[in-house]
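Working notes, structure below.
The values are calculated or read from the model by the stated rules, or taken from the named source; none is laboratory data. Quantities reported herein were computed from a predicted structural model and do not represent experimental measurements. Note: accessible area is taken over every heavy atom of the protein model, side chains too, but ligands, DNA and RNA are not part of it. Shrake-Rupley method; radii C 1.70, N 1.55, O 1.52, S 1.80 Å.
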Amino acid sequence: QVQLVESGGGLVQAGGSLRLSCVASVSIFKLAPVAWYRRTPGKQRDLVARITTSGSTNYADSVKGRFTISRDNTKNTVYLQMNSLKPEDTAVYYCASTWLGNDYWGQGTQVTVSS
């Protein structure tokens with residue numbers, strides 16, 4: 001059973017930084033792409049950033065230049081470094097991965113950015 005666990009969310013003032021972590025219970029991150037999504041109340045989950053097994057990354061336009069996704073395969077962990085946070089970044093952040101045809105999601109971590 002693959003489980004993804006996010007951590008690192010919290011309350012931060014606008015302009016501040018947070019680093020989210022996503023740890024997998026088994027070593028799938030070196031075998032599968034991983035993405036961070038976020039959802040605000042009443043809206044669907046939107047893709048924030050994605051990293052492939054080769055290390056290629058892509059970002060939503062709204063976070064380019066501020067967020068960085070990275071991975072540490074030795075720790076089965078993917079990170080999302082978030083800098084210059086804005087109130088509109090407030091959301092529940094989820095990590096997700098697809099492996100062997102199955103989608104895996106974490107439980108989410110709340111990020112709140114105050115103005």
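Details
- Listed values for segment 53-59 are Karplus-derived 3J(HN,Hα) couplings in whole Hz (6.51 cos²θ - 1.76 cosθ + 1.60, θ = phi - 60°), namely 5, 8, x, 5, 10, 8, 9, and x replaces Gly and Pro.
- For segment 58-115, the share of accessible area belonging to carbon and sulfur comes to 48 percent (1.4 Å probe, ligands and nucleic acids excluded).
- Between the amide H of Arg71 and those of Tyr79, distances stay under 5 Å, these residues lying 5 or more places away or on another chain, with hydrogens modeled in the peptide plane.
- In the context of the full set of protein chains, the chain has a per residue accessible area of 52 Å² (1.4 Å probe).
- Summarising the amide proton neighbourhood of Val48: residues at separation of 5 or more, or on other chains, whose placed amide H is nearer than 5 Å comprise Trp36, Tyr37, Arg38.
- If you wrap the Cα atoms of segment 48-115 in a convex hull and average its projected area over all directions, you get 5.3 nm².
- 3J(HN,Hα) along segment 93-107, derived from phi through the Karplus expression 6.51 cos²θ - 1.76 cosθ + 1.60 where θ = phi - 60°, amounts to 9, 10, 9, 8, 8, 10, 9, 6, x, 10, 9, 10, 10, x, 7 Hz, with x in place of Gly and Pro.
- In sequence order, calculated HN-Hα J values of segment 16-32 (Karplus, 6.51, -1.76, 1.60; Hz; x Gly/Pro): x, 9, 9, 10, 8, 10, 10, 10, 9, 6, 10, 7, 9, 5, 7, 10, 9
- Candidate cross-link partners of Lys75 among the lysines, defined by an alpha-carbon separation under 30 Å and a same-chain spacing of 8 or more, comprise Lys30, Lys64, Lys86.
- Distribution of pairwise C-alpha distances over the chain, 5 Å bins, in %: 2, 13, 25, 26, 19, 10, 5, 1, 0
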